[in-house]
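The values are calculated or read from the model by the stated rules, or taken from the named source; none is laboratory data. Everything numeric in this text was worked out from a predicted model, so none of it was measured. Virtual Cβ from ideal backbone geometry, glycine too; neighbours counted across all protein chains shown.
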Amino acid sequence: MKTPLNRIGIVLAVLAVIVVAGLAGRHYWGMIGGTPEGGGASIGGPFVLVDEKGNTVTDADFRGRPLLVYFGYTYCPDVCPTTLTTIAEALDRLGDKGRDIAVLFITVDPERDLPEDVGDYARAFHPQVVGLTGTTEQVAAAARAYRVYFAKAAQNPDDPEDYAVDHSAYTYLMGRDGTFLAHFPHGVSPTDMAERIARLL
Ligand code: NI
């Protein structure tokens, strides 16, 4: 009588481990934004930010338009300009199909990136790119909603205004209703980005 009961116990324990591991795995992938396309991942959501004219803007202001959302900062030496150039080229490839897409460039460096700065910077890449900033709290909340990591790094000891900001560099595609559709890693080609956007919209 003892052996079959033990065997059932072992089977149940193994099943429990599999279930827990599965749930942990899903949670982990969700945290790093690795959820599959269209999987209903909770990326995005409400935000309150400030546009180039100093006006308050929210996610609701863009409802009805597809969004490409990217977090960065205007002093970024490399990654941000590259990504914004890729986005601009993808928009050009999409032509009329991408005409109503709003690209949101949200700064993770609101201390230095004042409204006018982000506006000018964003528009220089493409007229459809909108530069947004906000208070430290507003920017942090928006970054949290999109699961974007950022942190001040490499500060010049002689000049507190001279620093770099580490930040994750995904571009998020959001549907007209504000739901997450896809993300693009840094280094994606404009052709691949345009093709995927065309397929998903
Ligand atoms: Ni950057």
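Mind checking which residues of the stretch 89-118 are of a type outside the set (D, E, K, R) and within 16 Å of the ligand (Cβ to nearest atom)? Break it down into steps so the answer makes sense when it comes.
Start the filter on the stretch 89-118 by keeping residues that are of a type outside the set (D, E, K, R), which leaves 90-91, 94-95, 98, 101-108, 110, 114-115, 118.
V103, L104, F105, I106, T107, V108, P110, V118, listed by residue number.
Could you please let me know if V139 is part of a loop (DSSP other than H, G, I, E, B) and not hydroxyl-bearing (S, T, Y)? Write out each step before concluding.
Details: part of a loop (DSSP other than H, G, I, E, B): no; not hydroxyl-bearing (S, T, Y): yes.
Criteria not met by V139.
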#### Entry: Verdict on A41 being away from the ligand (no atom under 16 Å from the Cβ) and at pLDDT below 95
yes
### Query
Which condition number does Q128 fail, the rest of (1) touching a residue at least 40 places away in the same chain (Cβ under 8 Å); (2) crowded, with 16+ Cβ neighbours inside 10 Å; (3) touching a strand residue (DSSP E or B) at 6+ places or on another chain (Cβ under 8 Å) being met?
(1)
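A quick yes/no check of all residues on (1) closer than 14 Å to V69 by Cβ; (2) aromatic (F, W, Y); (3) crowded, with 17+ Cβ neighbours inside 10 Å:
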position	(1), (2), (3)
T136	no, no, no
A140	no, no, no
A145	yes, no, no
N156	no, no, no
D166	no, no, no
F184	yes, yes, yes
P190	no, no, yes
L201	no, no, no
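Residue-by-condition table, conditions (1) of a type outside the set (A, V, I, L, M); (2) within 16 Å of the ligand (Cβ to nearest atom); (3) modelled with pLDDT of 95 or more:
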| position | (1), (2), (3) |
| --- | --- |
| L12 | no, no, no |
| V17 | no, no, no |
| G22 | yes, no, no |
| Y70 | yes, yes, yes |
| I87 | no, yes, yes |
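Can we say V148 is under 19 Å from T74 (Cβ atoms), in a loop (DSSP other than H, G, I, E, B), touching a residue at least 24 places away in the same chain (Cβ under 8 Å) and β-branched (V, I, T)? Step through it out loud before you land on a result.
On the way: under 19 Å from T74 (Cβ atoms): yes; in a loop (DSSP other than H, G, I, E, B): yes; touching a residue at least 24 places away in the same chain (Cβ under 8 Å): yes; β-branched (V, I, T): yes.
Considered against the rule, which asks whether it is under 19 Å from T74 (Cβ atoms), in a loop (DSSP other than H, G, I, E, B), touching a residue at least 24 places away in the same chain (Cβ under 8 Å) and β-branched (V, I, T), V148 comes out as yes.
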### Message
Of all residues being among the acidic types (D, E) and either free of Cβ contacts under 8 Å to residues at least 40 places away in the same chain or in a helix (DSSP H, G or I) (or both) in the stretch 82-119, which is nearest to T191 (Cα to Cα)? Just the residue, please.
### Response
E89
